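One structure is given here, and the rest of the page talks about it.
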Amino acid sequence: MEELLKYYAGNPRAGNAEAAEALGIDETKLRVYKSRLKKRGYIAVTDAHGVIVLKEYGKKEAEQDEIFDFKQDTYRQLIDRLMACMDKSLSVSQTTEISREIRTILKEVV
């Protein structure tokens, strides 16, 4: 997200497709990052001026984003595995217990 913030500082009128291509990321991912930056008060988007950078991105924010992304990826993997196990050998109670353990671990990763 820091790269996106820097990109918009120099290219405030860039569209999503243009910014995604310049940064070498998927446009859907770019929209998610842009939304997070807006919600956290880093940017504002106006018709007249495009993207306005409101504050700099710090090390603490970068670390928090890495943790958030890790958690999201882990949840996605968990869902995929649980869906695959639905018709397999694990019982519902076993699947539920494993899910609880993973969620507990993820809560501790802060």
Tell me the net charge near LEU78. Cut-off is 14 Å between Cβ atoms, LEU78 excluded, with +1 for each Lys or Arg and -1 for each Asp or Glu.
+2
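Can you tell me how the stretch 59-108 classifies by the Cα gyration tensor, rounded, prolate or oblate, using a/c under 1.5 as the rounded cut? Kindly include the intermediate steps, with their values, before the conclusion.
Working: a/c = 6.71, a/b = 2.40, b/c = 2.80.
Oblate is the answer for the stretch 59-108, as a/c is 1.5 or above yet b/c matches or exceeds a/b.
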Rg to Rh for the stretch 2-53: what is it, with Cα atoms only and Rh by Kirkwood?
0.91
Check LEU54: other-chain or 5+ apart residues with amide H under 5 Å from its amide H, H built from backbone geometry?
ILE43, ALA44
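Given a cut-off of under 8 Å on Cα pairs at least six residues apart, what relative contact order in percent is computed for the chain? Mind dumping the intermediate values first?
Values: 72 pairs, mean separation 23.9, N = 110.
The normalised contact order for the chain reaches 22 percent.
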Compute the helix-to-body angle for 59-85: its Cα long axis versus the longest principal axis of the chain, expressed 0 to 90° and rounded to tens.
40 degrees
Ignoring everything except DSSP H segments at least 4 long, calculate the 222 nm mean residue ellipticity for the chain; use -39,500 (n - 2.57) per segment, divide by total residues, nearest 500.
-22000 deg cm²/dmol
If you rank TYR8, TYR75 by fewest surrounding Cβ atoms within 10 Å, what's the result?
TYR75, TYR8
Taking Cα atoms, the helix 92-108 axis meets the longest principal axis of the chain at an angle in degrees (rounded to 10) of 40 degrees
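Would you mind checking the pairs LYS55/LYS107; LYS29/LYS107; LYS60/LYS107 and listing those with alpha carbons more than 20 angstrom apart?
Values: LYS55/LYS107 28 Å; LYS29/LYS107 24 Å; LYS60/LYS107 18 Å.
From the list (LYS55/LYS107; LYS29/LYS107; LYS60/LYS107), the Cα-Cα distance tops 20 Å for LYS55/LYS107; LYS29/LYS107.
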Which of these values of semi-axes √(5λ) of the Cα gyration tensor in Å was calculated from the structure shown: (1) 32, 18, 11; (2) 22, 19, 14; (3) 37, 16, 10?
(3)
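Bear in mind these aren't lab numbers, they're just calculated from the coordinates by the rules spelled out. Remember, it's a predicted structure, so these values are computed and weren't measured experimentally. All Cβ positions, glycine included, derive from the backbone under ideal geometry; neighbour counts span all protein chains shown.
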